[in-house]
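The values are calculated or read from the model by the stated rules, or taken from the named source; none is laboratory data. Given the structure is predicted, the values throughout are model-derived calculations rather than measurements. FYI the Cβ positions are ideal-geometry reconstructions off the backbone, even for glycines, and counts take in every protein chain you see. Protein only, heavy atoms only, side chains kept; ligands, DNA and RNA dropped before computing areas. Shrake-Rupley method; radii C 1.70, N 1.55, O 1.52, S 1.80 Å.
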Amino acid sequence: MRKLKIIPVLLLLLACQKTTKEKAQMNEETLYRPLIHFTPKAHWMNDPNGMFYFNGKYHLYFQYYPGASVWGPMHWGHASSKDLIHWEEHPIALYPDEMGYIFSGSAVVDHKNTSGFGKDGKTPIVAIFTHHDMDKEIAEKIDVETQSIAFSLDEGMTWTKYEGNPVIENPAIRDFRDPKVFWDDEREQWVLILAAQQKVMLYTSPNLKDWTFSAHFGEKVGHHGGVWECPDLFPLPVNQGEEQKWVMLVSINPGGPNGGSATQYFIGDFDGKRFSLDPEFAAQLDNDNNYWVDFGRDNYAGVTWQNKTLDNGNKLFIGWMSNWQYAKVVPTEKWRSAMTVARELSLKHNENGYRLFSKIASQFNEVTGKKTQLENQNLGAKHKIIYENLAGLGALKLSFELNLEKEQSFEFQFKNDLGSHLDIGLDSTNNYFYIDRTASGAVDFEKEFGSRVSIAPRLGNEKILTGELIIDKTSIEVFWDGGRTVMTDIFFPTAPYTQIAVKGDNEIQIKQGKVTHLK
């Protein structure tokens, strides 16, 4: 009889525990799940991989562990989109096998069927990825990572691994990974760049199967506070003109400007085998060495869509919106992490040299909703509410111009009624932008997350300061001075932010501004 009485109590307790967990997950969905950023339906995600464009669709693969919401045996997850905003998640593309986990890499459209994988007129898509052998890692061996390929004849939906893998053996380098491949049309060859400890290595191939080492780059150049990862190499027109330079992206962890993970860049030339720094840019590095794709704490491992060049010659980019300092412990349980919004990268040159610029991809102009013009007004020393939405800000874009006649500071504040607030602004005394999430909500899940303010130098000196940002439940991406300085940070508010306030030194004027909701 005692057992009969206890069993219903146990069942009731188990039901309550389940209900509590379900409620927590529902709260995550409501409070934390972004509206316009890609997130997996469930489980762990990190680096973007294998990005290609074909037949009107953008394909995004990503490092994925389907067994939990923390890092584990790596697979390639898969999603596709027609507009870089609305994503359809597909079944897992690549699974671990006897050769190891499936680490980061890239994918190319082999239009000329150089690989020979194409059949019956079907264009092969070829993925190039790192096999990571965990048995060798546990045994503390050196040759843990090799490069392998797989091909798809149904536009990236299903894959067949090449029977001749690996296509690049390990050259006795412990960290040897993340291949990014592109077609060099001028020389009719494939070029591969990968990370090798604290440098990159370049290879060439006629067919994606047989690779020849050509050069390395990175010794005593750039930042070396951590391991180099996820490189990319592509040309961009300078100032939208006839001149062209090559841009190399290299992620580094740790060693970012605000701690942990970040992505640096280099400007130079590529001769089909070697990348060399532009002499002027090399001099800039000697004087400054402050060249980051994003100065915030949460944009890592970003790369470009290999075969999608815009009409103006610029490239499309997306990054993993997290940081290895705390990625595994952020307060979501059903899924972990999101990608940044897609961005357009351009290269500009002026009296201060070369700079990489970023802006929000134009596709986001197609999903705009309610728009509110902000009145011209002078700012004061106290926060003044300039916009409020009792339903919660959701996802919105804020664009503005500020008239800075003198050295003047200002701050935008996003806040809720529970006292949580996220602050961004300009400290004119020290000439840097900042994002302050120290009081943004949940910050105590990891010691580094809420312990410091992210800062970035103001690289321009115009009297009219422009800014554009996207805020989406748990992230903010800010593009200062037309995208010359970019900052991305994530946060976890106690309740949705409902108000935007602003303060500033006397005589600062909001020249014009607009709040646009994103559907």
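So if I check each of 116, 72, which one is farther than 30 Å from residue 471 by Cβ, over 21 Å from the mean Cα position of the chain (by Cα), part of a loop (DSSP other than H, G, I, E, B) and not charged (D, E, K, R)? If you could, list the steps in order and put the result at the bottom.
Values: 72 fails: over 21 Å from the mean Cα position of the chain (by Cα).
The match here is 116.
With touching a strand residue (DSSP E or B) at 6+ places or on another chain (Cβ under 7 Å), surrounded by fewer than 21 Cβ atoms within 10 Å (Cβ to Cβ) and among the hydrophobic types (A, V, I, L, M, F, W, C) as the only criterion, which of 391, 395, 338, 361 stands out?
Numbers: 391 fails: touching a strand residue (DSSP E or B) at 6+ places or on another chain (Cβ under 7 Å); 395 fails: surrounded by fewer than 21 Cβ atoms within 10 Å (Cβ to Cβ); 338 fails: surrounded by fewer than 21 Cβ atoms within 10 Å (Cβ to Cβ).
Step by step, each of 391, 395, 338, 361 is checked, and only 361 is touching a strand residue (DSSP E or B) at 6+ places or on another chain (Cβ under 7 Å), surrounded by fewer than 21 Cβ atoms within 10 Å (Cβ to Cβ) and among the hydrophobic types (A, V, I, L, M, F, W, C).
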- Tell me, which strands (runs of 3 or more DSSP E) lie completely within region 322-430 with 1 or more residues that are touching an Asp or Glu at 6+ places or on another chain (Cβ under 9 Å) and either of a type in the set (A, V, I, L, M) or touching a residue at least 60 places away in the same chain (Cβ under 8 Å) (or both)? 343-350, 353-360, 384-388, 395-403, 410-415, 421-427
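Would it be correct to say that residue 227 is open to solvent by less than 50 Å² (accessible area, probe 1.4 Å) and farther than 19 Å from residue 126 by Cβ? Before the answer, list the steps.
Working: open to solvent by less than 50 Å² (accessible area, probe 1.4 Å): yes; farther than 19 Å from residue 126 by Cβ: yes.
Criteria met by residue 227.
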- Candidate set: region 341-353, residues that are at pLDDT 95 or above and open to solvent by 10 Å² or more (accessible area, probe 1.4 Å); chosen: the one nearest to residue 283 (Cα to Cα): 349
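Just give me the residues in region 135-162 being part of a loop (DSSP other than H, G, I, E, B), open to solvent by 10 Å² or more (accessible area, probe 1.4 Å) and at negative phi, in sequence order. Lay out the reasoning, then the answer.
Residues of region 135-162 that are part of a loop (DSSP other than H, G, I, E, B), as a first pass: 139-144, 153-159, 162.
Adding the requirement that they be open to solvent by 10 Å² or more (accessible area, probe 1.4 Å) leaves 139-143, 153-155, 157-159, 162.
Selection gives 139, 141, 142, 143, 153, 154, 157, 158, 159, 162.
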- Message: Show the residue pairs meeting these rules: Cβ distance below 6 Å; 6+ apart or different chains; first residue within region 253-272 and free of Cβ contacts under 8 Å to residues at least 60 places away in the same chain and farther than 19 Å from residue 486 by Cα; second residue surrounded by fewer than 22 Cβ atoms within 10 Å (Cβ to Cβ) and among the polar types (S, T, N, Q).
- Response: 268/276; 269/276
- Query: Residues of region 302-314 being open to solvent by 10 Å² or more (accessible area, probe 1.4 Å) and either polar (S, T, N, Q) or touching a residue at least 12 places away in the same chain (Cβ under 8 Å) (or both), which ones?
  - Reply: 303, 306, 307, 308, 309, 310, 312, 313
- In region 259-301, how many are farther than 15 Å from residue 200 by Cβ, among the polar types (S, T, N, Q) and either surrounded by fewer than 24 Cβ atoms within 10 Å (Cβ to Cβ) or more than 16 Å from the chain's Cα centre (by Cα) (or both)? 4
- Any hit, region 124-134, residues being in a loop (DSSP other than H, G, I, E, B), open to solvent by 10 Å² or more (accessible area, probe 1.4 Å) and in contact (Cβ under 8 Å) with a residue 12 or more places away in the chain: yes
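In region 186-201, what residues are outside any loop (DSSP other than H, G, I, E, B) and over 17 Å from residue 249 (Cβ atoms)?
Residues of region 186-201 outside any loop (DSSP other than H, G, I, E, B): 189-196, 199-201.
Within region 186-201, 189, 190 qualify.
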- Note on the structure: In region 39-69, residues that are out of contact with any Pro (no Cβ under 9 Å at 6 or more places or on another chain), assigned to a strand (DSSP E or B) and open to solvent by 20 Å² or more (accessible area, probe 1.4 Å) total 3
- Report yes if residue 381 is among the small types (Gly, Ala, Ser) and open to solvent by less than 10 Å² (accessible area, probe 1.4 Å), otherwise no. no
- Scanning region 438-468 residue by residue, the ones that are touching an Asp or Glu at 6+ places or on another chain (Cβ under 6 Å) and buried (at least 19 other Cβ atoms within 10 Å of the Cβ) total 1
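Return the residues of region 69-111 that are of a type in the set (Phe, Trp, Tyr) and free of Cβ contacts under 8 Å to residues at least 60 places away in the same chain; say none if nothing qualifies. Write out each step before concluding.
Quick first cut of region 69-111, residues of a type in the set (Phe, Trp, Tyr) only: 71, 76, 87, 95, 101, 103.
Listed by number, the residues that qualify are 76, 87, 95, 101.
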